[in-house]
Amino acid sequence: MKDTLGREITYLRISLTDLCNLRCAYCMPPEGAKKLEHRDILSFEEIEEIARAAVSLGVRKIRLTGGEPLVRRGMVDLCRRLRDIPALDELALTTNGLLLPEMAADLKAAGVDRVNISLDTLDPDKYRRITRGGSLERALAGIQAAKDAGFAPLKLNCVLIGGFNDDEIADLAELTVEEPVEVRFIEFMPIGGTDGFGPEAYLPCEAVLERLPQLVPAGDGGVAERYRLPGAAGTVGLIRPLSHSFCGRCDRLRLTADGQLKPCLHSREELPVRGLHGEDLLRQLERAVRHKPACHGELSASSRSRSVRDMNQIGG
């Protein structure tokens with residue numbers, strides 16, 4: 001599938017649920033997610049049908065997200081079903097890692113190829129604050145479980161927040177020295193319930209290069225600019241949706257847990273797919289691709305995302 005600007009759309013991100021076992025301050029309201037009725041979220045059969053239709057049109061990579069996808073009961077079986085889709089090259093997962101100690105081996109056996117794990121700080125108290133009660137020890141155990149299960153290369157996603165974790169840039173990058181992981185610093189985005197963060201929170205990834213002048217370019221990393229510390233086994237990635245828009249290379253659609261296609265993360269536009277089958281479903285997928293905007297527009301402390309959902313309702 002190509003959009004009206006000639007961008008090849010090969011990537012579908014699927015949110016399995018808007019629920020999570022954490023309540024990260026940049027992702028959802030303090031009271032947590034408002035639980036959808038079970039009947040209001042896509043069944044695994046519906047997700048598989050939509051995924052198969054998308055792959056038939058040229059999607060080659062699927063990433064499962066949330067909320068926290070691992071809290072969705074039976075999702076390992078869904079992974080097996082999606083991995084059986086012919087022509088699907090990669091099945092990936094984004095998680096906070098807390099449930100990986102119990103699930104990593106099963107996910108690997110079910111055919112999940114890659115795992116991204118959120119890790120915004122190495123300080124237990126700060127982790128507890130930003131996640132509103134989470135355990136860093138548990139998250140680190142999840143990272144180790146993913147390594148033990150054979151997930152490689154492992155990517156660790158760090159939302160860069162000025163005044164919160166910018167003093168840990170060097171320590172987080174140090175995780176790449178001994179092991180072939182990629183620590184990815186992601187600029188904090190003004191979306192959903194992030195109004196409580198001040199302008200200082202929106203720190204450009206340029207700060208990483210300033211704090212670590214020894215970084216050297218390490219090849220293309222998709223949306224991430226990839227660097228390496230001298231002699232390091234792993235890499236450091238910079239994802240800059242605010243300071244360096246990568247809209248011109250956007251190759252993705254997003255499917256929400258309640259069955260809406262989002263052509264753009266930061267757009268209000270959503271196209272319903274629930275209840276569509278066969279040619280009607282294919283046409284709606286193609287319509288979503290045609291509706292992809294050229295760019296999401298300015299994002300900054302004073303220019304917020306146009307999305308009407310919190311991040312836990314989209315999956316990033």
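Bear in mind these aren't lab numbers, they're just calculated from the coordinates by the rules spelled out. This one's a predicted model, so the numbers in the text were calculated from it and none came from an experiment. FYI the Cβ positions are ideal-geometry reconstructions off the backbone, even for glycines, and counts take in every protein chain you see.
A few notes on this one:
- Over all other residues within a Cβ to Cβ distance under 11 Å of ASN157, the charged ones net out to 0, with Lys and Arg as +1 and Asp and Glu as -1.
- Dipole-positive endmost among ILE14, VAL76, SER43 within segment 1-160 (Cβ charges, Cα centre): ILE14
- All-pairs Cα distance distribution in segment 137-225, expressed in whole percent, bin size 5 Å: 3, 11, 21, 23, 17, 15, 8, 2, 0
- Three-way shape label, segment 223-275, alpha-carbon gyration tensor, a/c 1.5: prolate
- Volume in Å³ per residue [convex hull over Cα atoms, computed for the chain]: 121
- In this structure, the pairs whose alpha-carbon distance is over 29 Å, taken from LYS35/LYS147; LYS126/LYS292; LYS2/LYS147; LYS61/LYS126; LYS155/LYS262; LYS61/LYS292, are LYS35/LYS147; LYS126/LYS292; LYS2/LYS147; LYS61/LYS126.
- From the C-alpha gyration tensor of segment 260-307, square roots of 5λ in Å: 27, 10, 4
- For a paramagnetic label modelled on ALA87 (point 7 Å from Cα along Cα→Cβ), amide N atoms under 18 Å away belong, within segment 237-273, to 252-253.
- Annotation: cysteines of the chain without a disulfide-compatible partner (Cβ-Cβ under 4.7 angstrom) are CYS20, CYS79, CYS158, CYS205, CYS250, CYS264.
- In plain terms, the bigger the Kirkwood radius, the slower the diffusion; for segment 207-246, with that radius from Cα pairs, at 20 °C and 1.002 mPa s, Stokes-Einstein puts D at 202 µm²/s.
- A protection proxy built from the mean count of other Cβ atoms within 10 Å ranks the segments 287-296, 19-28, most packed first, as 19-28, 287-296.
- Extension gain, VAL216 back to ASP113 (0.36 nm per residue minus Cα-Cα distance, nm): 34.3 nm
- Dimensions in Å of segment 172-316 - Rg and Dmax from alpha carbons: 17.8, 53
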